[in-house]
1. Within region 201-226, how many residues are modelled with pLDDT of 85 or more, surrounded by 13 or more Cβ atoms within 10 Å (Cβ to Cβ) and in contact with a helix residue (DSSP H, G or I) (Cβ under 9 Å, 6 or more places away or on another chain)?
2. Taking helices (runs of 4 or more DSSP H) that fall entirely within region 87-158, which contain at least 1 residues that are over 13 Å from the mean Cα position of the chain (by Cα) and among the hydroxyl-bearing types (Ser, Thr, Tyr)?
3. Condition first: at pLDDT 95 or above, in a loop (DSSP other than H, G, I, E, B), open to solvent by 60 Å² or more (accessible area, probe 1.4 Å) and in contact with a strand residue (DSSP E or B) (Cβ under 8 Å, 6 or more places away or on another chain). Can you find one or more residues in region 179-200 that meet it?
4. Output the number of residues of region 147-162 satisfying the condition of being under 15 Å from ARG191 (Cα atoms) and either aliphatic (A, V, I, L, M) or surrounded by fewer than 17 Cβ atoms within 10 Å (Cβ to Cβ) (or both).
5. Any idea which residue in region 107-141 is nearest to ARG69 (Cα to Cα), counting only those that are β-branched (Val, Ile, Thr) and open to solvent by 40 Å² or more (accessible area, probe 1.4 Å)?
6. Restricting to region 40-76, give me the number of residues that are more than 27 Å from PRO11 (Cα to Cα), basic (Lys, Arg) and open to solvent by less than 40 Å² (accessible area, probe 1.4 Å).
7. Scan region 194-210 and report the pairs whose first residue is farther than 13 Å from LEU161 by Cβ and whose second residue is in a helix (DSSP H, G or I) and among the acidic types (Asp, Glu), with Cβ atoms within less than 7 Å and a gap of 6+ or a chain change.
8. Inspect all residues belonging to region 80-90 and state whether any of them is within 21 Å of GLY47 (Cβ to Cβ) and at pLDDT below 95.
Amino acid sequence: MEGEAEIDRLPIDLLAHIFVLITSFTDLAQASGVCRKWKQAVKQSLGRRESLSFAGWKMDDDSTSRLLRSAYSLKELDISRSRWGCQITDTGLCRISMAKCISNLTSISLWGITGITDKGVVQLISRANSLHHLNIGGTFITDDSLYAIAHSCPHLKTIILWSCRHVTETGLFVLVKYCRKLESINLWGTRVPVDCFLALITISPALKIKPQGLSLNVDASMLPIV
């Protein structure tokens, strides 16, 4: 068509490939508003992404869950607290848990999101059965979340519980007992005693524990049976 811009001649598939390279969600939102063709291309680009990070962005329940509905191929999700203040709540986690990609996620970070509780975390984790890596440090979760992780994430390899001061020895024992592939756990800033760390190693001798930022290396043969 005479007078048509060169970029308007690009097929949707090629536009989607270009939009995959854009990391700014503000720019994607603006691109989506250009025309119907660009809106469809932005949607397709979300479906091709294997990793999404909202860290550094001011996200809320509606915007996050809406984006994830189109991210069919997602493997890694980071919705850590941003410097602007993440506004994700339990309601948002419940909505996110319904996205088709959740069962395929291998990595989730909820670091520092103070607006979530066990209610939202349990709902999300119960559907994230392929998880290998989980960061829920800096949140107010309790043992209820650890129970959900233990029974829903058999492939879990690493978990960060940095400064999760409401988790106890009981929850940690269940976690390590059922997550048999767990390789590393960060318990810096928690209130569990050192005796708990030693007991965890008797359950899983190869487990790497980081209390107070230091790796705990103990000869399992020297530990009592619990």
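1. Count: 6.
2. Passing ranges, in order: 90-96, 143-152.
3. yes
4. So in region 147-162, the residues under 15 Å from ARG191 (Cα atoms) come out as 160-162.
Next cut, either aliphatic (A, V, I, L, M) or surrounded by fewer than 17 Cβ atoms within 10 Å (Cβ to Cβ) (or both) only: 160-161.
Matching residues across region 147-162 total 2.
5. The extreme case among them is VAL122.
6. Here the count works out to 0.
7. Within 7 Å, no pair qualifies.
8. Of the residues in region 80-90, the ones within 21 Å of GLY47 (Cβ to Cβ) are none.
No, the conditions are met nowhere in region 80-90.
The values are calculated or read from the model by the stated rules, or taken from the named source; none is laboratory data. Everything quoted here is computed from the prediction, not taken from an experiment. We place every Cβ from the backbone using ideal geometry, glycine too, and count neighbours over all the protein chains shown. Heavy atoms of the whole protein, side chains included, go into the accessibility calculation; ligands, DNA and RNA do not. Shrake-Rupley method; radii C 1.70, N 1.55, O 1.52, S 1.80 Å.
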